[in-house]
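Beneath this line is the structure, given in structure tokens, with notes to follow.
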Amino acid sequence: MKATMNGSMLPAAAPLSLMLMLGPLSASAQTEHVVELQSTKIESSPVQVDHDGWVTYRSSAGSKTSTDLSKVPQSVSVVGRQQMDKQKAQTVMEALKYTPGVFADSRADGLFDGLFIRGFGGFGGLANFDKKLDGLPLRAGQYLATPTLDAYLLERVEVLKGPASVLYGQASPGGVVNLVSKQPVLDPLHSVELQMGSNGERQVGIDLGGALDDQGVWSYRLAGMSRRADTQIDHTEEQRIAIAPSLRWQPNDDTSLTFLASYQKDPSSYYTGWVPAEGSVLKNANGKISRHFNPGEPSVDAYDREQSMVGYKFEHRFDDVWTFRQNARYMYLESEYKGYMVNYVNPWASATELNRLLDHSVEDQQTLSLDNQLEAEFETGPLKHTTLMGLEVSQGRSSMKLGRSYAVSGIDYLNPRYGSTSALPDVASNIVQKTTQGGAYWQDQIEWDKWNFLIGLRQDWVTTETDDHLGDTRSSQSDDHLTGRVGVIYNFDNGVSPYASYSTSFEAVTGVDAQSQAFAPMKGEQYEVGVKYQPPGWNSFITVSAFDITQENVRTSDPNNALYYVQSGEVQVRGAELEAHASVTDNLNFILGYTVLDPEVTKDTNAQIEGNRPVSVPLNQATAWADYDFSGALHGVSAGMGIRHVGKSYGDTSNDLSVDAYNLVDAALRVDLSKFAIELRGLSVALNVKNLNNKHYVASCFSAGGCFYGQERTSLLSLKYDW
């Protein structure tokens, strides 16, 4: 085996025994060291680890190449497996609650991972187009057929903030969330975890992995979980079962092929409903609406989702210059939703009775995605280039049958009586959409001395065919758009790296206006400046950024026809962020985050809305988490505590309704039982409490008739066995 070791950096796969045999290397010996292992010869080059505990140094989310974050002129946040384990994040929303720029507390449930990034996003459904899995899109359906993955199946969650269309095609200007699957490992990994907690929660998880042969040519990973729990809403529950097997073939360091699959089913889970502002955010003379109140019908309400994915990741390095990668995935998802909800347009029937509506939707979503990448590393004089050329294509088909009825009984929130006999509504919409998307992109990362430049362009083509089976009509819409990104960053010797960048995005908008004209794509652009700081000799990384994002061609109501939209809207968000991850000592780790936003509706068909704040966007957020491993007599015990502040937001377009700021406290206590008895080797126990102060709060509102309560205090006790 030939291993080149530079300084103190070793190949990630280098065994500890080899390091001990080598001992300290002289300056000449650091250049190259050769060890023969049987008849197998594997070439290894210096590899810098992606992260060290709580701190991440490298990621491919910002460039689709493995790049130091200190060389990427755009803000990138990474939540690693260790942080998710310590905080016991069970959903992507929970994993991102300590990430600045991300509002992940807009509602209590995690069925759709509704996120706002830098002021752009939503509560679920159509707001989830900007999630990726291993770099490939997770396409949502037309209504509630929205894919998601349980956090237990993920290795990390990455957030590229700001427009990212140059890499990923259609994307919100706020940013993109990339989920990274648990994948095969060479070192043996065996873990079983049992959990029980509030609301009768019970969960079991298993995570296995390792090499399948002595040479490590074949390796595998198998992660799976099952969970059942009631929710804080009366007479409701959530259920989930998921499994994700993967297999890797790596005959040498130049070639690898990884097969990835997953299956997840959420049977009869509750989709958290909303309540009016009066009685939640606002006072109600008849009394407050309980955060346990169920506005639906327990015998009817259910959200069933079943999703399957299968794909592969292939990589081959031809020589020192050229590397080819191909990633592919097929996804099939089907969902059915039946549910009573508060009529958010006209919520009140009387002083204590709420009007309701009844929805019934049946959907399926199929997507085939393929991303081809050709990477070249070369030099032209003093310039070092990492050039990426790619061709991405995807095809999707979605169908939706939707019925809605307003002719259903109301409900008294003080004395709810369930048992409505209303029949499910007839199908009022039966739509099938087929979407074909292609994108050709080019990117060059240029390193010159301490300067790093990034330039990228992408041309996208999107075609959507819509069949209305009830109206017996067919329409087709085609869009194409050129997006780009340019940035520069300078790496001082003291670890300070100032940067500046400009990037653009686009999102195709389906449908037509009152004149039957197709909508133009929404366009976004961002100016960002900032400083990244990686203190020499310290295991820490700090990013400070300021940005100005504008999105054009936003759909707004047609003032001359209430049934249609026009594209005269524009939203601008200015803001700043601070993010810090640090291991201060071997025992103390912390993360800090702060966000301040100045969002504004700059154009709208309703002049009275112009100058107002967009709904549900907090004007500021602050987070802090500290984690400490005790020593001495308490060696084996660790504790963590976090504080989350979510600032004021507005709950309607007129800004007459506001949602107060709130503060939440989370805590964790963990014990490695093997430190107290060798017979308990591999066993650990943990207690995590979220919303420790049991704050009673409204998380957000989207109108005076629609507000979401936040999650009450919950506890989770975990017993884990590693061997």
**Selected residue [under 25 Å from the mean Cα position of the chain (by Cα) and farther than 24 Å from SER70 by Cα] from GLY456, GLY511, GLY524** = GLY524
**Message:** When you scan the stretch 521-531, do you find a residue that is without any contact (Cβ under 8 Å) to a residue 12 or more places away in the chain, closer than 20 Å to THR435 by Cβ and outside any strand (DSSP E or B), even just one?
**Reply:** no
**Message:** I need a count of the residues in the stretch 70-86 that are within 16 Å of the chain's Cα centre (by Cα), of a type outside the set (A, V, I, L, M, F, W, C) and buried (at least 24 other Cβ atoms within 10 Å of the Cβ).
**Reply:** 3
**Request:** Considering each of ASP444, ASP412, ASP468, ASP449 in turn, give the residue that is of a type in the set (Asp, Glu), surrounded by fewer than 19 Cβ atoms within 10 Å (Cβ to Cβ) and not assigned by TED's automatic domain parsing to the domain that holds ASP493.
**Result:** ASP412
**Request:** Could you please tell me which pairs satisfy a Cβ distance under 8 Å, a separation of 6+ or placement on different chains, a first residue in the stretch 260-271 that is touching a residue at least 60 places away in the same chain (Cβ under 8 Å), and a second residue that is in a strand (DSSP E or B) and of a type in the set (Lys, Arg)?
**Result:** LEU260/LYS313; LEU260/ARG329; GLN264/ARG240; GLN264/ARG305; ASP266/ARG240; ASP266/ARG305; SER269/ARG240; SER269/ARG305
**Asked** Just a yes or no: is a residue in the stretch 391-399 touching an Asp or Glu at 6+ places or on another chain (Cβ under 8 Å) and under 30 Å from GLU297 (Cα atoms)?
**Response** yes
**Asked** Mind checking which residues of the stretch 494-516 are of a type in the set (A, V, I, L, M, F, W, C) and in a strand (DSSP E or B)?
**Response** VAL496, ALA500, PHE506, VAL512
**Prompt:** Got at least one residue in the stretch 206-217 being in contact with an Asp or Glu (Cβ under 7 Å, 6 or more places away or on another chain), in contact (Cβ under 8 Å) with a residue 24 or more places away in the chain and assigned to a strand (DSSP E or B)?
**Reply:** yes
**Residues located in the stretch 311-336, provided they are more than 25 Å from GLU375 (Cβ to Cβ) and among the β-branched types (Val, Ile, Thr)** = none
**Residue match in the stretch 106-118 (condition: surrounded by fewer than 23 Cβ atoms within 10 Å (Cβ to Cβ), in the same structural domain as PHE702 (by TED's automatic domain parsing) and among the hydroxyl-bearing types (Ser, Thr, Tyr))** = no
**Item:** Among (1) over 22 Å from TYR340 (Cα atoms); (2) free of Cβ contacts under 8 Å to residues at least 60 places away in the same chain - the single one ASP304 does not satisfy
**Value:** (1)
**Asked** Looking at LEU680, is it touching a helix residue (DSSP H, G or I) at 6+ places or on another chain (Cβ under 9 Å), surrounded by fewer than 21 Cβ atoms within 10 Å (Cβ to Cβ) and in the same structural domain as TYR271 (by TED's automatic domain parsing)?
**Response** yes
**Item:** Members of the stretch 471-493 found to be within 24 Å of GLN395 (Cα to Cα) and not in a strand (DSSP E or B), listed by number
**Value:** ASP472
**Asked** Would you pick out the residues in the stretch 314-326 that are closer than 30 Å to TYR263 by Cβ, in contact with a Ser or Thr (Cβ under 8 Å, 6 or more places away or on another chain) and buried (at least 16 other Cβ atoms within 10 Å of the Cβ)?
**Response** PHE314, GLU315
**Asked** Among the residues of the stretch 610-617, is there at least one that is surrounded by 20 or more Cβ atoms within 10 Å (Cβ to Cβ), touching a residue at least 40 places away in the same chain (Cβ under 8 Å) and more than 29 Å from VAL665 (Cα to Cα)?
**Response** no
**Message:** Looking at the stretch 181-203, I want the residues that are assigned by TED's automatic domain parsing to the domain that holds TYR270 and of a type in the set (D, E, K, R) and have a partner that is in a helix (DSSP H, G or I) and at pLDDT 95 or above with Cβ atoms under 7 Å, at least 6 apart or on another chain. Which pairs are those?
**Reply:** LYS182/LEU153
**Request:** Pull up the stretch 636-674, narrow it to residues that are surrounded by 15 or more Cβ atoms within 10 Å (Cβ to Cβ) and of a type in the set (D, E, K, R), then point me to the one that is farthest from CYS707 (Cα to Cα).
**Result:** ASP672
**Message:** Given the criteria assigned by TED's automatic domain parsing to the domain that holds ASP304 and at pLDDT 95 or above, does GLN74 qualify?
**Reply:** yes
**Message:** Filter the stretch 404-448 down to the residues that are under 36 Å from the mean Cα position of the chain (by Cα), in contact (Cβ under 8 Å) with a residue 24 or more places away in the chain and part of a loop (DSSP other than H, G, I, E, B) and list them by number.
**Reply:** TYR406, TYR413, LEU424, PRO425, VAL427, ALA428
**Message:** Among the residues of the stretch 499-512, are any within 20 Å of ARG58 (Cβ to Cβ) and among the charged types (D, E, K, R)?
**Reply:** no
**Item:** Residue count, the stretch 408-445 (criterion: β-branched (Val, Ile, Thr) and touching a Phe, Trp or Tyr at 6+ places or on another chain (Cβ under 9 Å))
**Value:** 3
**Message:** Anything in the stretch 129-153 that is farther than 27 Å from LEU391 by Cβ and at pLDDT 95 or above? List them, or say none.
**Reply:** ASP150, ALA151, TYR152, LEU153
**Request:** For the stretch 500-523, enumerate the residues that are surrounded by 16 or more Cβ atoms within 10 Å (Cβ to Cβ) and among the small types (Gly, Ala, Ser).
**Result:** SER501, SER503, SER505, ALA508, ALA518
**Request:** Select from the stretch 313-336 the residues that are in a strand (DSSP E or B) and among the aromatic types (Phe, Trp, Tyr) and write down the one among them that is nearest to VAL362 (Cα to Cα).
**Result:** TYR332
**Asked** So LEU388 clears everything in (1) modelled with pLDDT under 95; (2) more than 28 Å from SER475 (Cβ to Cβ) except one condition, right? Which one?
**Response** (1)
**Message:** Which count do you get for residues in the stretch 471-499 that are surrounded by 15 or more Cβ atoms within 10 Å (Cβ to Cβ), of a type in the set (S, T, N, Q) and more than 21 Å from ARG139 (Cβ to Cβ)?
**Reply:** 2
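The values are calculated or read from the model by the stated rules, or taken from the named source; none is laboratory data. Computed from a predicted model, the values in this text were never measured in an experiment. Backbone-built Cβ (ideal geometry, glycine too); neighbour counts: all protein chains shown.
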